[in-house]
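Working notes, structure below.
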Amino acid sequence: DGGITQSPKYLFRKEGQNVTLSCEQNLNHDAMYWYRQDPGQGLRLIYYSQIVNDFQKGDIAEGYSVSREKKESFPLTVTSAQKNPTAFYLCASSIGSGDLYGNTIYFGEGSWLTVV
Amino acid sequence: GQQVMQIPQYQHVQEGEDFTTYCNSSTTLSNIQWYKQRPGGHPVFLIQLVKSGEVKKQKRLTFQFGEAKKNSSLHITATQTTDVGTYFCAGRNSGNEKLTFGTGTRLTIIP
């Protein structure tokens, strides 16, 4: 089955530790995204990538880092610099971005990160 | 930067009643998309609107894009328990790859 796989689904982290969330897609999509979801604030874009070896900061990139070494993979690292990392993280992909008429975004199941 | 607001933030309706959520952008949009997120789930694409004044229907759901392409609405007729969830609009500016999501409207149904 084609889709987006995020892991782990639940993750606990101690303050001061970095943690990496995995995102893999087998949809052959060029564009991939990371969103953060907090109650009452909708989805906020952290980073996005339109092509392998290239990525851009979204609206809330501080304290996060990403890499795009392979088309199908877009891992997100939540660093100790992120002041309030507890949230629901959603990885997503689309055929491509920059198209005037847009592309449908497909989301993974999400990862719950809790800092303890 | 671009802002996309939705109202109301929460809506409780009796089963069978209608429901409407409104989406407003601070800038003119090239297109707008709507997504539904079930409780505990992830957002799922519903529809995309591109043309000024466009209206699209999916069974009991009616989507509308404003004439100025700065606002949109989703109307559900005769709600059912399966309609429970959070509805997000997402807008894209011309020449901008980023899709900005609205704040969402959480719909709960009272049986």
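Observations
- Among the residues making up region A:70-116, a single one is among the small types (Gly, Ala, Ser), over 18 Å from A:GLN37 (Cβ atoms) and at pLDDT 95 or above: A:SER73.
- Restricted to region A:52-88, and to residues there that are part of a strand (DSSP E or B) and within 11 Å of another protein chain (Cβ to nearest Cβ), the residue that is farthest from A:LEU113 (Cα to Cα) is A:GLN56.
- Complete set of residues in region B:23-60 that are assigned to a loop (DSSP other than H, G, I, E, B), in contact (Cβ under 8 Å) with a residue 24 or more places away in the chain, facing chain A (nearest Cβ under 9 Å) and within 21 Å of A:ASP38 (Cβ to Cβ): B:GLY41, B:PRO43
- Checked against (1) modelled with pLDDT of 95 or more; (2) more than 15 Å from the chain's Cα centre (by Cα), B:VAL44 meets all criteria but (2).
- Answer residue from region B:61-111, given it is of a type in the set (Gly, Ala, Ser) and within 14 Å of chain A (Cβ to nearest Cβ) and is surrounded by the most Cβ atoms within 10 Å (Cβ to Cβ) among those: B:GLY91
The rows are residues; the columns are (1) more than 29 Å from B:TYR10 (Cβ to Cβ); (2) surrounded by 14 or more Cβ atoms within 10 Å (Cβ to Cβ).
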{"site": "A:LYS9", "(1), (2)": "no, no"}
{"site": "A:GLY16", "(1), (2)": "yes, no"}
{"site": "A:ASN28", "(1), (2)": "yes, no"}
{"site": "A:TYR33", "(1), (2)": "no, yes"}
{"site": "A:PRO39", "(1), (2)": "no, no"}
{"site": "A:GLY58", "(1), (2)": "no, yes"}
{"site": "A:THR77", "(1), (2)": "yes, yes"}
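- Qualifying residue in region A:37-50 (condition: away from chain B (no Cβ under 14 Å) and closer than 20 Å to A:GLU109 by Cα): no
The values are calculated or read from the model by the stated rules, or taken from the named source; none is laboratory data. Remember, predicted model here, so these are calculated numbers, not experimental data. So basically every Cβ, Gly included, is an ideal-geometry build from the backbone, and we count neighbours across all protein chains shown.
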